1. In this structure, does HIS37 turn out to be in contact (Cβ under 8 Å) with a residue 12 or more places away in the chain and either out of contact with any helix residue (DSSP H, G or I) (no Cβ under 9 Å at 6 or more places or on another chain) or of a type outside the set (Val, Ile, Thr) (or both)?
2. Are there any pairs, at least 6 apart or on different chains, whose C-beta atoms fall under 9 Å, with the first in region 52-65 and more than 20 Å from LYS233 (Cα to Cα) and the second of a type in the set (S, T, N, Q), and if so, which?
3. Restricting to region 1-60, what's the tally of residues that are farther than 30 Å from HIS315 by Cα, open to solvent by less than 40 Å² (accessible area, probe 1.4 Å) and either within 24 Å of the chain's Cα centre (by Cα) or of a type outside the set (Phe, Trp, Tyr) (or both)?
4. Which one of these is open to solvent by less than 10 Å² (accessible area, probe 1.4 Å), touching a Leu at 6+ places or on another chain (Cβ under 9 Å) and at positive phi: GLY126, GLY154, GLY184?
5. Across region 129-142, what is the number of residues that are free of Cβ contacts under 8 Å to residues at least 60 places away in the same chain and open to solvent by less than 40 Å² (accessible area, probe 1.4 Å)?
6. Kindly provide the set of residues from region 319-328 that are farther than 15 Å from GLY126 by Cβ and either touching a helix residue (DSSP H, G or I) at 6+ places or on another chain (Cβ under 8 Å) or open to solvent by less than 50 Å² (accessible area, probe 1.4 Å) (or both), ordered by number.
7. Name the residue that is surrounded by the fewest Cβ atoms within 10 Å (Cβ to Cβ), counting only residues in region 212-238 that are among the polar types (S, T, N, Q) and in contact with a Ser or Thr (Cβ under 7 Å, 6 or more places away or on another chain).
8. Working only within region 13-44, note down all residues that are under 30 Å from SER360 (Cβ atoms) and in a helix (DSSP H, G or I).
Amino acid sequence: MREIYLDNAATTRTDREVVELMNKVMLEDYGNPSSKHLLGLHAEKYIKEAKERICKVLKCEGSEIVFTSGGTESNNTALIGAAYANKRKGMHIISTRIEHASVYNPLFFLEDNGFEVTYIGTDKYGHVDVDALIKAVRSDTILIAVMHVNNEIGSINDIERIGKEAKSINPEVLFFVDAIQSFGKVKIVPKNAMIDMMSVSGHKIYGPKGSGFLYIKNKTKIKPIIYGGEQQKGMRSGTENVPAIAGLGLAVKKMFDSFDENVNSMYEVKKHFIKRLEEVEGASVNGIPENSVLETAPHVLSVSFDKVRSEVLLHALEEKGIYVSSGSACSSNHPAISGTLKAIGVKKELLDSTLRFSFSIYTTKEEIDCVIDELKALLPVLRRFTRR
């Protein structure tokens, strides 16, 4: 049975060259980068090279990159570390109603510990209401947290406008951007958007799981949340995961060396899928302005299927070798109705009838055609079963 993997927003398949490099580091250049001998120096070189590759893309300094275990750690470090480092200036934070669980759960933690969080809504396409966000900025606002690309529907927020207008009102406010779904698919330069902190995860761009980094603009006031041996200038203690960092660095290089080609390929697949969905009865696309697919991220597509529960359809497709998602993979152990779908006004009867299809640079139009054929065959049967 042919496998068609359309859950790339959850994780991508690790690039083969990345795996080969990681194996070399683990088997040959396995020294501790803090050691002063030759093997330690070899290990340290991989870290330096990965930083150089990231800094070339982000146009930043090596001192502004902190390697982490991935997006969740990066988000927790940024939010909790910045909030506690700046609480003497104020206790007010602004975020949105469409953030990932690794952002809103740290925010809930901060609320439980005395911080005040204002959550801003969106329009029907998942764009944060920038006017409302700017109006919410106060003299005691210390932090703004906004995702660049939504992980469920692919909406792209205007982070440059948010950063510039927010800082024109309160120059000391810190601006944090979750770029986990956008990095490698939508161009982003932190300084252009006046970003102070930005999170990235390696396994979304064909790098290894357990890898990621947090961009922290020089002189940003932030406390570490992990203490130990003072690695990475004390910002993230613990022996660096050199194989993962090396793999992440190579994944970044490969993704951006072919950036335009990769993005165009995914957009073509996405547009083809949307066109073919017109043949599927009761299917509706979420979060895309009419004829404006290019205003969304190239790799994420949310589709509702009338009168079929998402979990039932997901497993029916799985039996055909097609792998998709019914929401954020990080929340799969605690299923609930999507806050994003609620925020954009998806009809109540469709909230539990929505799947996310997410594409990679390897996804083909032929695979999409197979998916459409299976949907056209499965949905009438599943709907008859549902009516009973």
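The values are calculated or read from the model by the stated rules, or taken from the named source; none is laboratory data. All of these numbers come straight from a predicted model, not from anything done at the bench. Counting neighbours? That spans all protein chains shown, and the Cβs are built from the backbone with ideal geometry, glycine included. SASA here: full protein model, heavy atoms, side chains in, ligands and nucleic acids out. Shrake-Rupley method; radii C 1.70, N 1.55, O 1.52, S 1.80 Å.
1. Details: in contact (Cβ under 8 Å) with a residue 12 or more places away in the chain: no; either out of contact with any helix residue (DSSP H, G or I) (no Cβ under 9 Å at 6 or more places or on another chain) or of a type outside the set (Val, Ile, Thr) (or both): yes.
Criteria not met by HIS37.
2. Partner pairs satisfying both residue conditions: LYS59/ASN192.
3. 17
4. Result of the check over GLY126, GLY154, GLY184: GLY154.
5. Going through region 129-142 one residue at a time, the tally reaches 7.
6. Within region 319-328, LYS320, GLY321, ILE322, TYR323, VAL324, SER325, SER326 meet the criteria.
7. The first filter runs over region 212-238 and keeps only residues among the polar types (S, T, N, Q), leaving 218, 220, 231-232, 237.
Filter again for in contact with a Ser or Thr (Cβ under 7 Å, 6 or more places away or on another chain), leaving 218, 231.
Details: ASN218: 9, GLN231: 19.
That would be ASN218.
8. Scanning region 13-44 gives ARG16, GLU17, VAL18, VAL19, GLU20, LEU21, MET22, ASN23, LYS24, VAL25, MET26, LEU27.
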